[in-house]
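Here's the structure we're looking at; comments come further down.
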Amino acid sequence: MHTFLTLSFTTCKTLFQPIARMAVEEKGLVSYCTKVERNANLEKLQYNYLFPEIDVRELRHIKKYPNAKVISLGIGDTTEPIPDMVALSMANYAKSLATPQGYKGYGAEQGNKELKQAIAETFYKDTGIKDSEVFISDGSQCDISRLQMLFGSNVSIAVQDPSFPAYIDSSVIIGQTGDIEKESGRYQNIAYMECGPRNNFFPDLSKTPRTDIIFFCSPNNPTGHASSREQLERLVDFAQQNGSIIVYDSAYAVYITDGPRSIYEIPGARKVAIEVSSFSKIAGFTGVRLGWTVVPEELVYSNGFPVINDFNRIVCTCFNGASNVAQAGGLACLSSDGFKAVLSNVDYYKENAEILVNTFTSLGLRVYGGTNAPYVWVHFPGSDSWDVFNEILEKTHIITVPGSGFGPGGREFIRVTAFGHRENILEASERLRSYLS
């Protein structure tokens, strides 16, 4: 049984700056306007995107406290060096471009065939996924927007609450939603699937309305919950019964120690699911940019047309292919020695997560995640997450992420990342213990 701390946080008056208001305030500075109307869907976005907003607040804090050592446990950016053999493979490829024999220009928009084969073999062995169903990209977040272009504005969507903000923001931009409801903080025409401690971070599908598209992330960002096989079986069955398509985000799948790492481990998933993933948190490629999307041939629209054909058209129209240098690095990551080196960094971050979990647990706070994911989801009952964020930053010089940035379901939580140098994780733990105890 856990006890809860009674903490007092000062209410923060400066939350996200509404975008429409910013435009009005700045209008007086504009000397000339075109006759082109602004995209009405972009006007629906009430706030700046979460992570750049946190960057702004961090810079503001550094300006206020120039001598403070700010420790970031906020944005999930990897910190440990890319393994030598992986970096060397990219360096050698880049160097070869300076030779007549080694120079190559455009590659296939769908990606290097050898890398596609390595992904299929490494991550989808025994699931029936073929290399021809793998599309190499510059990252899963970019692919989410490409998928939104594929689906168009007339589909209905469901998202986990809380969830990665790109699912919702891209839905607003593409025109799938109505306006935001001020009191609830939810957009009209989106089905928000509650995924919190009360339901073991998995939605009550009996109360979930039928939608065309279901965005689902496991391990979930931000809560760190990895769905069990039984839970994913229910999700796939739900999608089959409703004729829905699941967009399954497995960007953190290598952190899972118990449970499915791919939706395609579930029977029937090939008929109802697209999977997006990334080398960012696997191999430290957050700056290199490399990911992939799997679209099975069995996945078809209501008229029987293969989804993979349309996605291939989107990719060929909107993308010239991932960097050949980055793909050389990805291939090195999936070699026998390269994958061992990559997983060593994953283990390092999981040890960081254990330190953070133990820190918050020792303070009597309820903590979730951190076992099968690099994120720790900490509950501050009765508090507003932005107030908690600001108070921790002000008192400890530590950056976290306010849970409400991931949806209304995160209002009383903060997300803490395990991506960081060990000495910073240990120092942050000591600061938090000193302040919160």
Point-charge dipole on Cβ atoms (K/R +1, D/E -1) for the chain, about Cα centre, debye to 20: 640 debye
For the stretch 108-196, convex hull volume per residue from C-alpha positions, Å³: 126 Å³
Lys, Arg +1 and Asp, Glu -1 on Cβ, resulting dipole of the stretch 287-437 about Cα centre, debye, nearest 20: 60 debye
Relative contact order computed over the stretch 236-366 (Cα-Cα under 8 Å; 6+ residues apart), in percent: 19 percent
q = 0.17, 0.27 Å⁻¹, the stretch 190-242: log10 I(q)/I(0) [Debye, one scatterer per Cα]: -0.50, -1.31
The stretch 381-426 shape via C-alpha gyration tensor axes, a/c threshold 1.5: oblate
Fraction of beta bridges assigned by DSSP in the chain that are antiparallel (%, nearest 5): 50 percent
For the stretch 141-257: Kirkwood Rh in Å [reciprocal of mean 1/r, alpha carbons]: 14.5 Å
Calculated log₁₀ intensity ratio I(q)/I(0) where the Debye formula runs over C-alpha points of the stretch 216-298, q = 0.12, 0.25 Å⁻¹: -0.34, -1.24
Accessible surface, 1.4 Å probe, highest first, among residues Ile399, Ile173: Ile173, Ile399
Of Ala118, Gly175, Ala158, farthest towards positive along the dipole that unit charges on Lys, Arg, Asp, Glu beta carbons give the stretch 102-227: Ala118
Cα gyration tensor shape for the chain, rounded if a/c is under 1.5, else prolate or oblate: rounded
Volume of the Cα convex hull of the stretch 67-163, divided per residue and given in Å³: 244 Å³
Violating pairs (Cα-Cα greater than 23 angstrom) within the set Lys35/Lys182; Lys182/Lys281; Lys63/Lys281; Lys69/Lys395; Lys44/Lys182: Lys35/Lys182; Lys182/Lys281; Lys63/Lys281
For Val276, net neighbour charge (Lys/Arg +1, Asp/Glu -1) across residues whose Cβ lies under 10 Å away: -2
Accessible carbon and sulfur surface of the chain relative to its total accessible area, %, 1.4 Å: 51 percent
Solvent-accessible heavy-atom area per residue, rounded to whole Å², over the chain at 1.4 Å: 46 Å²
Share of Cα-Cα pairs in the stretch 340-389 lying beyond 18 Å, as whole percent: 39 percent
Cα extents of the stretch 258-405 along the three principal axes, largest first (Å): 54, 41, 31
Bins of 5 Å, starting at 0 and running to the largest distance - Cα pair percent for the stretch 291-364: 3, 12, 12, 12, 12, 11, 12, 11, 9, 6, 2, 0
Amide hydrogen neighbours beyond the local backbone of Ile190, cut-off 5 Å, H modeled: Gly178
Mean shadow area of the stretch 337-437 over all directions, Cα convex hull, nm²: 6.5 nm²
J(HN,Hα) series, the stretch 367-384, from Karplus relation 6.51 cos²θ - 1.76 cosθ + 1.60, nearest Hz, glycine and proline x: 10, 10, x, x, 9, 10, 7, x, 10, 10, 10, 10, 9, 10, x, x, 9, 8
Value of relative contact order over the chain, rounded to a whole percent, pairs C-alpha under 8 Å and six or more apart: 22 percent
The stretch 99-152 shape via C-alpha gyration tensor axes, a/c threshold 1.5: oblate
Full-extension gain in nm, Val56 to Asn199, via 0.36 nm per residue minus C-alpha separation: 48.0 nm
Eligible lysines near Lys130 by straight Cα distance, threshold 19 Å, same-chain separation 8 or greater: Lys113, Lys116, Lys271
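The values are calculated or read from the model by the stated rules, or taken from the named source; none is laboratory data. As the structure is a prediction and not an experimental result, all values here were calculated from the model. Don't worry about glycine lacking a Cβ; one is built from the backbone with ideal geometry, like all the others, and counts go over all protein chains shown. Surface areas here come from the heavy atoms of the whole protein model, side chains and all, with no ligands, DNA or RNA. Shrake-Rupley method; radii C 1.70, N 1.55, O 1.52, S 1.80 Å.
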